[in-house]
Amino acid sequence: MTDSYAVFGNPIAHSKSPYIHRQFAEQTGQELAYTKQQVNEGEFEQAADAFFAGGGKGLNVTVPFKLDAYGYAARLTPRARRAGAVNTLAKQPDGTLLGDNTDGIGMVNDMHNLGWEIAGKRVLLLGAGGAVRGVLQPLMEQEPASVTIANRTVHKAEQLSKGFADLGVIEPVGYENLSQKEPFDLVINGTSASLSGELPPLPDDLLAEGAACYDMMYAAEPTPFLAWAESHGAEQRADGLGMLVGQAAESFYVWRQVRPEVIPVITAMRHTLSAKKGA
Ligand code: ATR
């Protein structure tokens with residue numbers, strides 16, 4: 001029987017995960033089925049039970065179910081425990097379910113593919129919600145010179161700082177204090193502000209010479225944050241399309257122990273996005 005995988009979310013209609021995983025399967029010669037499933041809020045457990053009882057091998061889990069998946073997994077990888085959220089469930093040979101989180105490593109790998117250095121850099125994260133928490137451990141493992149988290153609600157940044165203190169120093173700040181800081185080499189937007197076309201209030205002198213700006217969101221047009229980055233002299237800019245494909249590649253690896261090539265898939269998806277923009 002063909003191994004079966006799926007992504008659960010709500011909404012799910014526009015999920016690119018089936019496309020990405022089918023590309024990976026084709027590229028690596030793996031035979032598998034991958035579908036998307038809209039799950040009603042409050043019904044994650046029921047839907048996951050049915051999926052795995054029917055022989056399912058693994059799930060990707062997206063908004064709003066990453067916390068449900070965290071609670072559902074019988075065992076968690078250290079990075080999922082740190083992230084406090086699960087985006088990948090994998091049926092193990094002994095029948096138990098492993099919960100993993102591949103978002104952070106997906107982002108770090110994307111930065112490597114872009115030729116960006118994290119080690120030794122002054123890193124600023126914008127936002128202190130699930131998206132930022134999800135990437136902190138893999139990011140800190142790259143040994144940046146410093147990590148600062150700016151958030152509208154400062155105490156959430158303080159909580160993250162405390163929660164990750166054993167991995168290194170994280171300085172929590174409010175946006176109003178950013179102008180007193182030395183400029184940053186790498187600024188990562190993990191707020192959901194772009195969704196509403198907004199931008200956190202950033203000072204004009206935020207970026208160091210040669211700085212790179214990364215938005216975890218992606219879109220056909222530059223996001224508000226990346227437009228700001230361009231007008232403030234960021235030398236390098238990238239949106240989260242590579243992170244999306246990167247987290248999928250790591251999930252594929254967790255399930256199949258085969259690591260697919262991400263670049264051809266990112267290139268094809270970027271092409272489709274640009275074509276839609278032009279249409
Ligand atoms: P996610 O799981 O996507 O991170 P979340 O946990 O709701 O979602 O977190 C959203 C983040 O975006 C938070 O850091 C939020 O700031 P607050 O904690 O102060 O609410 C941030 N955010 C959302 N809209 C924003 C805006 N317009 N300007 C600045 N920050 C914003």
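The values are calculated or read from the model by the stated rules, or taken from the named source; none is laboratory data. For clarity, every value in this text was computed on a predicted model and none was experimentally measured. Counting neighbours? That spans all protein chains shown, and the Cβs are built from the backbone with ideal geometry, glycine included.
Checking PRO93 against (1) out of contact with any strand residue (DSSP E or B) (no Cβ under 8 Å at 6 or more places or on another chain); (2) assigned to a helix (DSSP H, G or I); (3) more than 25 Å from ASN189 (Cβ to Cβ), which test does it fail?
Failed condition: (2).
Out of the residues in the range 191-217 that are within 15 Å of the ligand (Cβ to nearest atom) and among the small types (Gly, Ala, Ser), state the one that is nearest to the chain's Cα centre (by Cα).
That would be SER192.
Check off (1) modelled with pLDDT of 95 or more; (2) under 24 Å from MET243 (Cα atoms) for GLU198 and give me the number that stays unchecked.
Condition (1) is where GLU198 drops out.
Scanning for something touching a residue at least 40 places away in the same chain (Cβ under 8 Å) and under 16 Å from the mean Cα position of the chain (by Cα), does the range 170-181 turn up at least one residue?
no
Given the conditions (1) crowded, with 20+ Cβ neighbours inside 10 Å; (2) out of contact with any helix residue (DSSP H, G or I) (no Cβ under 7 Å at 6 or more places or on another chain); (3) outside any strand (DSSP E or B); (4) not hydroxyl-bearing (Ser, Thr, Tyr), which single one is not true for ALA212?
So ALA212 meets the others, but not (3).
Looking at LEU98, is it in contact with a Lys or Arg (Cβ under 6 Å, 6 or more places away or on another chain) and either polar (S, T, N, Q) or under 26 Å from GLY242 (Cα atoms) (or both)?
Against the criterion (in contact with a Lys or Arg (Cβ under 6 Å, 6 or more places away or on another chain) and either polar (S, T, N, Q) or under 26 Å from GLY242 (Cα atoms) (or both)), LEU98 qualifies.
State which residue is nearest to the ligand (Cβ to nearest atom) when the search covers only the range 85-109 and only residues that are of a type in the set (Asp, Glu) and crowded, with 24+ Cβ neighbours inside 10 Å.
Here the residue is ASP103.
When the residues of the range 130-175 are filtered to those that are assigned to a helix (DSSP H, G or I) and either assigned by TED's automatic domain parsing to the domain that holds LEU67 or among the polar types (S, T, N, Q) (or both), which remaining residue is farthest from MET111 (Cα to Cα)?
Per the stated criteria, the residue is GLN159.
Sort through ALA229, ALA220 and tell me the only one that's closer than 24 Å to SER274 by Cβ and either under 19 Å from the mean Cα position of the chain (by Cα) or not assigned by TED's automatic domain parsing to the domain that holds SER161 (or both).
None of the others qualify; the one that does is ALA220.
All but one of (1) within 25 Å of GLY71 (Cβ to Cβ); (2) of a type in the set (Asp, Glu); (3) part of a helix (DSSP H, G or I) hold for GLU26; which doesn't?
Only one criterion in (1) within 25 Å of GLY71 (Cβ to Cβ); (2) of a type in the set (Asp, Glu); (3) part of a helix (DSSP H, G or I) is unmet by GLU26, namely (1).
Identify the single condition in (1) within 16 Å of the ligand (Cβ to nearest atom); (2) in contact (Cβ under 8 Å) with a residue 24 or more places away in the chain that ARG256 does not satisfy, given that it satisfies every other one.
Unmet condition: (1).
Considering LEU186, LEU136, which residue is more than 16 Å from the ligand (Cβ to nearest atom), in contact (Cβ under 8 Å) with a residue 12 or more places away in the chain and buried (at least 23 other Cβ atoms within 10 Å of the Cβ)?
On the way: LEU136 fails: more than 16 Å from the ligand (Cβ to nearest atom).
Only one candidate qualifies: LEU186.
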